[in-house]
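Every number here is computed from the coordinates shown, using simple stated rules; none is lab data. Being a predicted model, the structure only gives us computed values, none of them experimental. Positions of Cβ are backbone-derived with ideal geometry, glycine not excepted, and every protein chain shown enters the neighbour counts.
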Amino acid sequence: MSLEYNTDRGDIILKEYGRNIQKLVKYVREIEDKEKRDKYAATLTDLMKQINTAVKDNPEYDQKVWDDLYIMSDFELDVESPFPMPEKSVIGKKPKRLDYKQSEIKYRHYGRNVELMIQRAIEMEDPEEKEAAIIYIGKLMKSFYASWNKDNIDEAVLIKNIEDLSKGQLTIDVEKVKEEGLFNSRLRERKQGEGRQGGGRDNNRGKRRNFQKNRRRN
């Protein structure tokens, strides 16, 4: 009895089913009796479901199993099937490449999400909500800048960046931002706010939280 080496064997068309299933497909394809061939093909698809756990007991994958059967037969299997034989031309066809937005990000260290938030802030009609959104965006931009650069960035630069990205539609008073530390982190903001009477600032914080929640929701 001569040994059969893998190098002497043909390639496995669908490796998830193994070589033995491929041999059975070849055997079924060569059965001359049409009725017997149909019966064996249906039995073979059930066996394929047992081997490939990804499609086992899932009716949605019935067509995939039959498609795989046709593929392994090199599209030469003449049997009655609940599904039509797939077109040979679509097998192995590369999916269409997705088109990505080619627009440049003006300030890469802030990212595209900041630009999207600025566009949403522009659309806001309530002046207080718009200011709260600017404060939230400025605080976020400051944290992003810090992750790229160890030096502190001046609030005036951040405000200028916001104005540039919004084409002059968003702005805030520089002195107000610096005096109240509006672009600072929460921890620093709390320290600066200790002992102050800040009902108006609490209201602004609430509006910033609302802007943040709405941004996550959308």
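For the reader, a short list of remarks on this structure follows.
- Mean separation of Cα contacts under 8 Å (6+ apart) over length of the stretch 10-90, as relative contact order %: 32 percent
- Prolate/oblate/rounded call for the stretch 140-185, Cα gyration tensor, a/c under 1.5 rounded: oblate
- Taking every lysine pair in the stretch 10-90 that is 8 or more places apart or spans two chains, those with Cα atoms closer than 20 Å amount to 23.
- Sorting 23, 139 by the number of Cβ atoms found within 10 Å of their own Cβ, with the fewest placed first, yields 23, 139.
- Anisotropy class of the stretch 10-90 from Cα gyration tensor, a/c 1.5 cut: rounded
- Taking 7 Å steps out from each Cα toward its Cβ at residue 106 and residue 19 produces label points 6.4 nm apart.
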